[in-house]
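Trainee: Handing you a structure now.
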Amino acid sequence: MLRIKQFCLSILLMLAPVLALACSGIPYALFHYQPWGQGTKYVVEEDYDYGINFKDIEIREVKFSQLRHVPDRIVNEYNDRGKMSNDFVHVAAFSSLIKNDFWQFYWLTDGQHILWAGKIVQNPPGKPPVDAATFRAYGRFAADKDSLYFDGERTDDNHGEKRVDIDSLQQVGGNIKLSDSGDVLKDRRNLYFQGRWLASAQGYSILGVKSWEQRNILFSPTSCDTTSNPGPWDTILRTATQVFVNGVAIDADPNSFHVVRWVAGVQLLYRDKAGVKRYYFGKDCLNTFNVQRDKVTWMTREASRRGDDCRIATIPNVDPEYFHPIHYNWTVAQYKDLLYQVKYVSPVDRVLTITRLPDPQVQLKAGANLVGKQIYFIGDEGVQIIDPIGPLVWFKNPDGSFSDVFAHDDRYLYFFGDTLVDSGQRRNVTRTLDTAHIDKSGYYLVTEEGKYEVINNAFTSR
């Protein structure tokens, strides 16, 4: 009965992701394609406290009316050709180790191009072009006649010993759910890991799958049952000649390999015929900025449910001693007189922008900062630079102290709370500034037009 319930839940998440996510109360973001002139546009349909915002991605080469789902053995073709399914990401709300739980981006085609997460899939120079006519998918994995793909990018050749047989492909490692593909895939000849050919499947077996969260082994070769895995996880497998940890071959003899100690996501202590050996692995995929002893890195792409598949780049010419992340979500940082911001340009890809501050002595903090004659507000939406009309004055709370949320200048009301909802604005207009005040409860700014709630700037009209 439990397996049937899990199966039905997976189907529900696939067929009604919007409903499932909206009812969860957990942050998520939805994206979809829509007509745009003679082409197609990819937009953020809804961002429910997730924090993904980017300019609409305009795809001039693709007519929306010709878009359809790529044949996909995981997703199946249950979708209407006239309606593209929503892409979405869903926060792992109860995990201290990963940000993203569900992550679904559909492969689409117009017969000539392949789309993934709002962008046309293009292969690197010197590689065969994407062939839409032979393109088939298996969840996040896909293949055409020349190439293998994973998460919208070419990952390997599809020739010779590496050639995949999509019809016999199956999930054999990681989190096996219909709404996603596991990290290890197997066809009748080969093993694949995150889109890369791994090895011949001869002598293959899964030696263990261990969750970072529960710190116990979820799969055992001595058991016929596989426990549902919340992710992230490690996967150890063997072939006739090698042992792999999360898709990486380690120095081990498969026939004498034995786990001594396994700290999921960190290290593996094992024994084989040559003795005891230690293997370290994993990386920080939680923090946008990572200040280390000799360098500072930033995350160009966040990790999926897999947990350690984020992408990291080093920031050049930075002394870690003077680099300070500002906001708790670490998407904004200050280095001397430079302001670093990480911004989304698609649901998965981000860019690093650098702005020189007009005052090199200022030390920025989360919230409102007065820098010269401007206000730098640092919150969930990143950095907002505001030009006030006249001096900024904070409203007083009922106890006589100054509010750190509501303020005004000579023309506008300002809300400097952390989160905006219900189309809330940082700057609002009122007909009479003189009568605006914080009520006795301390939760509302009362104006002639209505009330602004201190929690999230929700506005209630009179």
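No value in this document is a laboratory result; all are computed from the given coordinates. Nothing here was measured: the structure is a model prediction, and the numbers come from that model. Heads up, the Cβs are rebuilt from the backbone with ideal geometry, glycines too, and the neighbour counts pull from every protein chain shown.
Trainee: With a Förster radius of 22 Å, plug the Cβ-Cβ distance of SER200 and LYS145 into 1/(1 + (r/R0)^6) and report the FRET value to the nearest 0.05. Could the numbers behind the result be given before it?
Mentor: Details: r = 21 Å, r/R0 = 0.97.
According to the calculation, E is roughly 0.55.
Trainee: Could you pull out which residues in region 120-140 have an amide N less than 13 Å from a spot 7 Å beyond the Cα of HIS159, following the Cα-Cβ vector?
Mentor: Inside the label zone: 126-129.
Trainee: I need PHE402, PHE459 ordered by Cβ neighbour count within 10 Å, fewest first. Present the calculation step by step, with values, prior to reporting the outcome.
Mentor: Numbers: PHE402 11, PHE459 17.
Result, fewest neighbours first: PHE402, PHE459.
Trainee: Per-residue HN-Hα couplings for region 388-404, Karplus 6.51 cos²θ - 1.76 cosθ + 1.60 at θ = phi - 60°, whole Hz, x for Gly and Pro?
Mentor: x, 9, x, x, 8, 10, 7, 5, 9, 6, x, 8, x, 6, 8, 5, 9
Trainee: I would also like to ask the following. Give a quick list of chymotrypsin sites (Phe, Trp or Tyr not before Pro) in region 317-395 that DSSP marks as loop, anything other than H, G, I, E or B, with at most 11 other Cβ atoms within 10 Å.
Mentor: Details: sites: TYR322, PHE323, TYR328, TRP330, TYR335, TYR340, TYR344, TYR376, PHE377, TRP394, PHE395; in loops: TYR328, TRP330.
Hits after loop and neighbour filter: TYR328.
Trainee: Multiply the residue separation of ASP380 and LYS127 by 0.36 nm, subtract the distance between their alpha-carbon atoms, and state the gained length in nm to one decimal.
Mentor: Details: separation 253, 0.36 × 253 = 91.08 nm, distance 4.03 nm.
Length gained, ASP380 through LYS127: 87.0 nm.
Trainee: Related question: For the pairs LYS373/LYS451; LYS396/LYS451; LYS210/LYS283; LYS55/LYS343, flag any whose C-alpha to C-alpha distance is greater than 21 Å.
Mentor: Numbers: LYS373/LYS451 28 Å; LYS396/LYS451 16 Å; LYS210/LYS283 16 Å; LYS55/LYS343 11 Å.
Exceeds cut-off: LYS373/LYS451.
Trainee: Just subtract the alpha-carbon distance of ARG301 and ASP359 from 0.36 nm times their residue separation and send over the number in nm, one decimal. Walk me through the numbers before you get to the answer.
Mentor: On the way: separation 58, 0.36 × 58 = 20.88 nm, distance 3.14 nm.
Extra length from ARG301 to ASP359 when fully extended: 17.7 nm.
Trainee: Among CYS285, ALA366, SER304, pick out the residue whose Cα is farthest towards the positive end of the charge dipole of region 284-367, where Lys and Arg carry +1 and Asp and Glu carry -1 on C-beta, about the Cα centre.
Mentor: Sorting the options by dipole projection puts first SER304.
Trainee: May I ask you to evaluate 6.51 cos²θ - 1.76 cosθ + 1.60, the Karplus curve with θ = phi - 60°, for each residue of region 354-365 and list the ³J(HN,Hα) values in order in whole Hz, giving x for glycine and proline?
Mentor: Ordered by residue, 3J(HN,Hα) equals 10, 10, 7, 6, x, 10, x, 8, 5, 10, 6, 9 Hz.
Trainee: If each of LYS55 and PHE402 carries a label point 7 Å out from its Cα toward its Cβ, how far apart are those two points in nm?
Mentor: 3.7
Trainee: So, in nm, how far is label ALA366 from label ASP251 when the simple model puts each one 7 Å beyond its Cα toward the Cβ?
Mentor: With each label point 7 Å from Cα toward Cβ, the separation is 4.4 nm.
Trainee: Figure the gain on full extension for ILE166 and TYR279 (residue separation times 0.36 nm, minus the Cα-Cα span) and round it to one decimal in nm.
Mentor: Details: separation 113, 0.36 × 113 = 40.68 nm, distance 3.30 nm.
Gain on extension, ILE166 to TYR279, equals 37.4 nm.
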